[in-house]
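Enquirer: Have a look at this one.
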Amino acid sequence: MKAVVTRVSSASVAVEATGHHEAITEGLLVLVSIEPKDTAETIAWMARKVTHLRIFPDGDGRMNRSLLDQDGEVLLISQFTLSGDCTKGHRPSFIRAAPPEFAEPLYLALGEAIHAEYGIMVRYGVFGATMRVSSMNEGPITLIVEPPN
């Protein structure tokens, strides 16, 4: 699993084909790619990491507060291209990304774990859809988060 986590003052996702639209105010935009080696343990690790990252400013302006401290939200977007391999040639290879029938349940499980375990409101993109994602980044603070091997 690979995630790009961005601190935002607002973020939204829209899918024109279905009319789906979701938005959050202060919180985290999380782009996530599921890989074939991911398990329930990977989901639990990522849910804890995302909710506990101390990337929000405290009263002194230092990054000492987590999403839990901020009472923020998560906009969770499935993005298999994060697992793309660009080392050879000019066309990325996506063989490191899990197939949709494996990835979608784990993507949904991550959102459910963030909500159920930590009480964070989670909004979702549409798995496998072409989406328009917008964000107002704060900081900017953007991290690549991967579980240990």
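The values are calculated or read from the model by the stated rules, or taken from the named source; none is laboratory data. Please read all numbers here as calculations on a predicted model, not as lab measurements. Heads up, the Cβs are rebuilt from the backbone with ideal geometry, glycines too, and the neighbour counts pull from every protein chain shown.
Enquirer: Only residues that are of a type in the set (D, E, K, R) and more than 25 Å from Pro57 (Cα to Cα): list them for segment 96-141, please.
Expert: Within segment 96-141, Arg96, Glu101, Glu104, Glu112, Arg132 meet the criteria.
Enquirer: I've got another one for you. For Ala97, work out the one condition from (1) in a loop (DSSP other than H, G, I, E, B); (2) surrounded by fewer than 19 Cβ atoms within 10 Å (Cβ to Cβ) it doesn't fulfil.
Expert: (2)
Enquirer: Take the residues in segment 114-149 that are touching a strand residue (DSSP E or B) at 6+ places or on another chain (Cβ under 9 Å) and part of a helix (DSSP H, G or I), then tell me which one is surrounded by the most Cβ atoms within 10 Å (Cβ to Cβ).
Expert: Ile114
Enquirer: Please find, among Gly72, Gly89, Gly84, the residue that is small (Gly, Ala, Ser), farther than 13 Å from Val13 by Cβ and surrounded by fewer than 14 Cβ atoms within 10 Å (Cβ to Cβ).
Expert: Checking each option against the conditions leaves just Gly89.
Enquirer: Out of Pro148, Pro105, I need the residue that is modelled with pLDDT of 95 or more and of a type outside the set (S, T, N, Q). Which one?
Expert: Pro105
Enquirer: How many residues are out of contact with any Phe, Trp or Tyr (no Cβ under 6 Å at 6 or more places or on another chain), modelled with pLDDT of 95 or more and among the small types (Gly, Ala, Ser) if we restrict to segment 13-39?
Expert: Number of matching residues: 3.
Enquirer: I need the strands (runs of 3 or more DSSP E) fully contained in segment 22-94, keeping only those with at least 2 residues that are at positive phi, of a type in the set (Lys, Arg) and in contact (Cβ under 8 Å) with a residue 24 or more places away in the chain.
Expert: Strands (runs of 3 or more DSSP E) meeting the threshold: none at all.
Enquirer: For segment 71-87, how many residues meet the condition of being of a type in the set (D, E, K, R) and either at pLDDT 95 or above or touching a Ser or Thr at 6+ places or on another chain (Cβ under 6 Å) (or both)?
Expert: Number satisfying all stated conditions: 2.
Enquirer: Hey, could you check segment 4-37 for residues that are within 20 Å of Gly72 (Cα to Cα) and of a type in the set (S, T, N, Q) and say which is surrounded by the most Cβ atoms within 10 Å (Cβ to Cβ)?
Expert: This residue is Thr6.
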